[in-house]
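Asks: Got a structure for you, questions after.
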Amino acid sequence: MELGVIGLGRMGANMAQRLIRHGHRVVGFDPGSEAVARLAAAGGTPAESPGALVDLLAAPRAIWLMVPAGAAVDEAIDAVAPRLAPGDAIVDGGNSNYKDTQSRARRLAELRIDFVDVGTSGGVWGLENGYSLMIGGEAGAVGRLRPIFEALAPAVDQGWGHVGPSGAGHFAKMVHNGIEYGLMQAYAEGFAILRGKQDLGLDLHQVAEIWRHGSVVRSWLLDLVAAALRENSRLDGIAPYVPDSGEGRWTVAEAIDLDIAAPVITLALLQRLRSRDADSYSDRLLAALRGEFGGHAVRRE
């Protein structure tokens, strides 16, 4: 089967390369010439523009978008949709908001173009290990794309599935990332406590390696913790600044809309926001208040 890929960043390029390894033809476009050159070196077919990419594919065409959520997705759709025909499909494999996905699916349905949303997890390791794919959309479109999903997944019968109608794939990935926030925060806090007990002289990498085997808290994230601590146990040179992709925020907002308590995910998100405040006004005010009501010393800069 052949597939057009728009967006050859690290993850998009790795997915294209995995498909090529499994015998699929991949036509790719990216604004960066180096990304396109890497695709060609891996055996893919470069395209000079999104429109040219469409022309290089045989009908029924399938185009996979790996671009940032938001305007970039709409721009990519607008660039290819006029050149597509009924029965063609567009796949959004990025981290789009599921409500935007539902709106896009309705718009493309008027043109009889299938729109499939694929929540994709696996990061840079997916090239070798395969990707976890949460798929939303019409059953017929998903069925036609099955060979692509089977090639990208860890196995033909593992790690992927059609989870529901349009938006369901991105919704599942949104919650997946919210859970990820909580898991990462728990590991980070736990290892901070271990490090804080200086008199015991704990080797944090050793503890992580012990937990990786047989422990109830073992996971792939713990494997990554161990790898990070093996390379740099003091985490020297790493700033305590943690970005977020937006999906944690969406998960918290959805929990509020559904009247579902999600305190762990919510606090993990808030901790990420706090990590970016190098000059915390709220902390300064707290210190000033302690000085006002209790006469406590206020540390000066």
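The values are calculated or read from the model by the stated rules, or taken from the named source; none is laboratory data. Computed from a predicted model, the values in this text were never measured in an experiment. Please note: Cβ atoms are built from the backbone with ideal geometry, for glycine as well, and neighbour counts cover all protein chains shown. Areas reflect the complete protein model, heavy atoms only, side chains present, ligands, DNA and RNA absent. Shrake-Rupley method; radii C 1.70, N 1.55, O 1.52, S 1.80 Å.
Asks: From (1) closer than 15 Å to Leu152 by Cβ; (2) free of Cβ contacts under 8 Å to residues at least 40 places away in the same chain, pick out the condition that doesn't hold for Ala37.
Replies: Among (1) closer than 15 Å to Leu152 by Cβ; (2) free of Cβ contacts under 8 Å to residues at least 40 places away in the same chain, Ala37 violates only (1).
Asks: Something else now. Of all residues being under 26 Å from Leu269 (Cβ atoms) and of a type in the set (Gly, Ala, Ser) in region 181-202, which is least open to solvent (accessible area, probe 1.4 Å)? Just the residue, please.
Replies: Among those that are under 26 Å from Leu269 (Cβ atoms) and of a type in the set (Gly, Ala, Ser), it is Gly182.
Asks: Among the residues of region 203-221, how many are part of a helix (DSSP H, G or I) and either more than 14 Å from Phe191 (Cα to Cα) or open to solvent by less than 60 Å² (accessible area, probe 1.4 Å) (or both)?
Replies: Number of matching residues: 7.
Asks: So, one more: Scan region 134-144 and tell me whether some residue there is out of contact with any strand residue (DSSP E or B) (no Cβ under 6 Å at 6 or more places or on another chain), open to solvent by less than 50 Å² (accessible area, probe 1.4 Å), more than 30 Å from Ile238 (Cα to Cα) and assigned to a helix (DSSP H, G or I).
Replies: Looking for residues that are out of contact with any strand residue (DSSP E or B) (no Cβ under 6 Å at 6 or more places or on another chain), open to solvent by less than 50 Å² (accessible area, probe 1.4 Å), more than 30 Å from Ile238 (Cα to Cα) and assigned to a helix (DSSP H, G or I), one finds at least one in region 134-144, hence yes.
Asks: Those residues that are part of a loop (DSSP other than H, G, I, E, B) and out of contact with any Lys or Arg (no Cβ under 8 Å at 6 or more places or on another chain), I need them from region 284-301; list them, please.
Replies: Residues of region 284-301 part of a loop (DSSP other than H, G, I, E, B): 295-301.
Within region 284-301, Gly295, Ala297, Arg299, Arg300, Glu301 meet the criteria.
Asks: Moving on. Considering each residue of region 251-290, count those that are touching a residue at least 24 places away in the same chain (Cβ under 8 Å) and acidic (Asp, Glu), and give that number.
Replies: The number of residues fulfilling the criteria is 1.
Asks: Yes or no: region 155-176 includes at least one residue that is open to solvent by less than 40 Å² (accessible area, probe 1.4 Å) and over 23 Å from Tyr98 (Cα atoms).
Replies: Yes; the residues of region 155-176 include at least one that is open to solvent by less than 40 Å² (accessible area, probe 1.4 Å) and over 23 Å from Tyr98 (Cα atoms).
Asks: For region 77-103, give me the residue count where each residue is free of Cβ contacts under 8 Å to residues at least 60 places away in the same chain, touching a helix residue (DSSP H, G or I) at 6+ places or on another chain (Cβ under 7 Å) and not aliphatic (A, V, I, L, M).
Replies: 1
Asks: While we're here: Which residue is surrounded by the fewest Cβ atoms within 10 Å (Cβ to Cβ), if the candidates are limited to region 222-250 and must be within 16 Å of the chain's Cα centre (by Cα) and in contact (Cβ under 8 Å) with a residue 24 or more places away in the chain?
Replies: Pro243
Asks: Let me ask another. For a quick check of your reading: which strands (runs of 3 or more DSSP E) sit entirely within region 22-108 and have at least 1 residues that are open to solvent by 30 Å² or more (accessible area, probe 1.4 Å)? Write out each step before concluding.
Replies: Details: elements: 25-29, 62-65, 89-92.
Filter on region 22-108 gives 25-29.
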